[in-house]
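Asks: Next up is a structure, given as structure tokens.
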Amino acid sequence: MSNPKSPEQSSESNNAPKQDTKIVNAGRSDKWTNGVVNPAVQRASTVVFDSVKQMKHATANKANQVLFYGRRGTSTSFAFSDAMTELEGGVGCALYPSGTAAITNAILAFVKTGDHILMVDTAYEPTRSFCDNILAKMGVETTYYDPVIGADIESLIRENTSLVFLEAPGSLTMEVQDIPAISEVAHRHGCSVLLDNTWASPINLKPFELGVDVSIQAATKYVVGHSDVMLGTATANEAHWPQLRESSYTMGQCTSPDDLYLALRGIRTLGVRMKQHEQSALKIARWLSEREEVETIFHPAFPSCPGHEQFKRDFLGSNGLFSFVVKPEFAKDVTAFLDGMHHFKMGYSWGGFESLILAVQNVGAMRTATDWQYQGPLVRLHVGLEDVDDLIEDLAKGFERLAGKA
């Protein structure tokens, strides 16, 4: 059930470096590495100049990766921005101290008081909170829409709609949106298209080829890959990059060079990690699909997942994150199911080398535009890099506890 499309089937020419080669080399220009393998950690606040001419030159070129002031960037941040820009296929990449900061600041860059935005109903919870609390106080109205609405989103666009926000797949329930259809409609009405692209990471989706204007990553997740750094990115196309760059700088957004060094290190193994996450998660999802306790699987590579056809068309692969619904009659003790896990630990993140588990009893309460038809709990798994048979054994014992048999 894995996606048969490969990175080599993207629009890259046959002479261009393949994706795994790009992952190894992105952001390693000689001007950042100075002859060594990895870009150095350059910590800086003040940048000093020996002449008025030098200072004027830096000031005039402060937007073009020239040392100007620490908040604008150092060689470490420039190297990481270059890497993300190349891997996602954009023109420039702004950096933030968390994924949430990337989402909120990217939205702020393109809205003003009196605007209306369209937000997918399955959005990451902090994104919804930002819309309902911060944007509302600014006089920006949010309408939530069904993630599988596709081109019918046109019926929701108003004269003052300035932005359409997508998240594919959706948080928790993994619906895959029709990105090209939504983008085409949005652009026809003069709206910017922003995508939370964290699930695909920079390598399993080519957002700008599908009409996205700004691609956002919680780099905390798969880019860093080791659950030890908070980091966000927003990569933009040519039309949106200047406004995103200057808005983020004005809002004071900057990141630690030490964190960026770890992110650059994480990128180098992104390809092999994602392949292993994908392989193990698919094996576990197939095993779960045969369990009598499981009502349905929400994994984009499975036909049972809404938007599966869009996943097959647009994505280059999957990862370790998916969810499933337990039949109500088997869900007698969800707490015992979670508490007894040995390899799957509870946590609110994902994307690291370790496996995680999370259970949600009432998904419907988190939505306003769509209904939730299932009565049993939803369980979200992040399948890490442990031996997959050990993980399956962990889940099998958990099902015994869940049903009150243990």
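Asks: Is it the case that Q217 is polar (S, T, N, Q) and closer than 28 Å to S355 by Cα?
Replies: So Q217 fits the description; yes.
Asks: Being among the hydrophobic types (A, V, I, L, M, F, W, C) and either farther than 21 Å from I157 by Cα or not assigned by the TED database to the domain that holds V164 (or both) is the filter here, so list the residues in the stretch 104-138 that pass it.
Replies: Passing the criteria: only I134.
Asks: Further question on the same structure: Kindly indicate whether any position in the stretch 35-54 is modelled with pLDDT of 90 or more and either of a type in the set (A, V, I, L, M) or in contact with a Leu (Cβ under 6 Å, 6 or more places away or on another chain) (or both).
Replies: Yes: one or more hits.
Asks: State whether one or more residues within the stretch 253-273 are within 28 Å of Q361 (Cα to Cα) and at pLDDT 95 or above.
Replies: Within the stretch 253-273, none of the residues are within 28 Å of Q361 (Cα to Cα) and at pLDDT 95 or above.
Asks: For the stretch 225-251: of the residues being acidic (D, E) and in a loop (DSSP other than H, G, I, E, B), which is least open to solvent (accessible area, probe 1.4 Å)?
Replies: Among residues in the stretch 225-251 that are acidic (D, E) and in a loop (DSSP other than H, G, I, E, B), the one least open to solvent (accessible area, probe 1.4 Å) is D228.
Asks: I'd like to check which strands (runs of 3 or more DSSP E) are fully inside the stretch 93-202 and have at least 2 residues that are free of Cβ contacts under 8 Å to residues at least 60 places away in the same chain and open to solvent by 20 Å² or more (accessible area, probe 1.4 Å).
Replies: 141-145
Asks: Looking at (1) part of a loop (DSSP other than H, G, I, E, B); (2) in contact with an Asp or Glu (Cβ under 8 Å, 6 or more places away or on another chain), which is the one condition that is false for Q375?
Replies: Here Q375 clears every test but (2).
Asks: Then there's this: Is there any pair with a first residue in the stretch 29-54 that is more than 15 Å from F80 (Cβ to Cβ) and a second that is among the aromatic types (F, W, Y) and open to solvent by 50 Å² or more (accessible area, probe 1.4 Å) whose Cβ atoms are under 7 Å apart and which are 6 or more apart or on different chains, and what are they?
Replies: Once the first residue is more than 15 Å from F80 (Cβ to Cβ) and sits in the stretch 29-54, its partners that are among the aromatic types (F, W, Y) and open to solvent by 50 Å² or more (accessible area, probe 1.4 Å) give V47/Y69.
Asks: Separate question: Taking the stretch 333-342 as the region of interest, how many residues are buried (at least 18 other Cβ atoms within 10 Å of the Cβ) and either in a loop (DSSP other than H, G, I, E, B) or among the hydroxyl-bearing types (S, T, Y) (or both)?
Replies: Qualifying residue count for the region: 1.
Asks: Something else about it: Taking the criterion of being more than 19 Å from E354 (Cβ to Cβ), of a type in the set (D, E, K, R) and open to solvent by less than 60 Å² (accessible area, probe 1.4 Å), would at least one residue in the stretch 262-278 satisfy it?
Replies: Yes, because at least one residue in the stretch 262-278 is more than 19 Å from E354 (Cβ to Cβ), of a type in the set (D, E, K, R) and open to solvent by less than 60 Å² (accessible area, probe 1.4 Å).
Asks: Which of the residues belonging to the stretch 203-224 are in a loop (DSSP other than H, G, I, E, B), within 17 Å of P147 (Cβ to Cβ) and open to solvent by 10 Å² or more (accessible area, probe 1.4 Å)?
Replies: Of everything in the stretch 203-224, just one residue is in a loop (DSSP other than H, G, I, E, B), within 17 Å of P147 (Cβ to Cβ) and open to solvent by 10 Å² or more (accessible area, probe 1.4 Å), namely G211.
The values are calculated or read from the model by the stated rules, or taken from the named source; none is laboratory data. Just so it is clear, the model here is predicted, and its values are computed rather than measured. No Cβ is skipped: glycine too gets one built from the backbone with ideal geometry, and neighbour counts run over all protein chains shown. Remember, those area values only see protein heavy atoms, side chains included, never the ligands or the DNA or RNA. Shrake-Rupley method; radii C 1.70, N 1.55, O 1.52, S 1.80 Å.
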